Amino acid sequence: MKIAVFSTYSYDQEFLIRYNTGHTLSFFSVPLHEQTASLASGCDAVCIFVNDALTSTVLELLHRQGVRLIVLRCAGFNNVDIPAATAHGMPVVRVPAYSPEAVAEHTMALILTLNRKTHKAYNRIREGNFSLERMMGFNLHGRKVAVIGTGRIGKAFCRILKGFGCHIQAFDIYPDSDLVAEGILYSPLTEALSGADIVSLHCPLTDSTRHLINTETLKLFKPGSMLINTSRGGLINAADVIKALKSRHLGYLGLDVYEQESKLFFQDLSEDIIEDDLIMRLISFPNVLITSHQGFFTQEAMEQIAITTFANIDAFSTGGELINQVRISE
Ligand code: NAI
């Protein structure tokens, strides 16, 4: 099949070329949107990532050009209008799990960095500053951690937390029976958020989870607590979180995702004027750590993404079962 592959960097191309099962790939570094949809002309499928916006208009354009399949190189599909794709008879396939451990481990990296300030120590020591002033952290052992969403990533994260001796208070609309058997406590969202030292988000972005963290829910947070989001930026109302940081109610913030990340993340903008005032304000706090949607970014995950992506394409091209198809009800 002929496939237009959008939003690719050197590392995407390396793994997709290595695991290609015989398809013709056209790589584009630009994201897929209304202005770039024509690049897919003559292709059977488009292959996209987290920040390509497949609105109903873009899907209509692709459909008119003869594109028959939408291939996601990621798990989340909030960036694709699934009912519109279905109406055009274009199946949407995804990589449901590439490495839950990669994201869970990155979540712990954010927590440990914010808490023990290893990023500051690195810079201080290089400047000959061996002082411990303002470097004090807290023991994770015995702390209460609220895990919101205990699917593949949340589950892997719970197991890491258990190793650290944390008390886990989980919330999920479908509690996981394995975790219950392992002694993880589930409670309603408000109860999980209240009194937690750390709140970590691992649920998908849906209409019901958009801005789950806002001024009202932040009031439930324990003063000085830590909020971590490695799931999707839209789970958090960034303006409300900034207010909570300014009032010192929120003690730490770790983000791997940001609601307006599509204009920023994955790009080198070091010589540009960044116009997003919210992210610039967030960056300015000493107790905020932001990474550029790199939770998934391990060798193992990149291999799995490439292997599953071609398995999905092969299944479509041979008329096989699309086991990773996203359905409207999901
Ligand atoms: P999953 O589908 O295995 O688990 C999601 C869990 O959230 C399920 O248990 C589901 O019942 C629960 N859930 C759904 N609605 C909820 C609600 N309203 N409140 C509480 N829980 C709810 O997904 P997985 O693989 O664990 O991924 C979680 C999220 O992580 C993805 O949706 C994606 O947005 C994000 N992600 C981030 C990556 C990164 O690089 N930072 C990489 C991969 C995924």
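Read-outs: derived from the displayed coordinates by stated rules, not from any lab. All of these numbers come straight from a predicted model, not from anything done at the bench. All Cβ positions, even for glycine, are placed from backbone atoms using ideal geometry, and neighbour counts span all protein chains on display.
A few remarks follow.
- Scope region 29-79; condition out of contact with any Lys or Arg (no Cβ under 8 Å at 6 or more places or on another chain), of a type in the set (S, T, N, Q) and in contact (Cβ under 8 Å) with a residue 60 or more places away in the chain; matching residues: ASN51
- Looking only at region 119-165, residues that are out of contact with any Ser or Thr (no Cβ under 8 Å at 6 or more places or on another chain), away from the ligand (no atom under 16 Å from the Cβ) and outside any loop (DSSP other than H, G, I, E, B) come to 9 in all.
- Any hit, region 279-295, residues being surrounded by 12 or more Cβ atoms within 10 Å (Cβ to Cβ), more than 22 Å from MET226 (Cβ to Cβ) and in contact with an Asp or Glu (Cβ under 9 Å, 6 or more places away or on another chain): no
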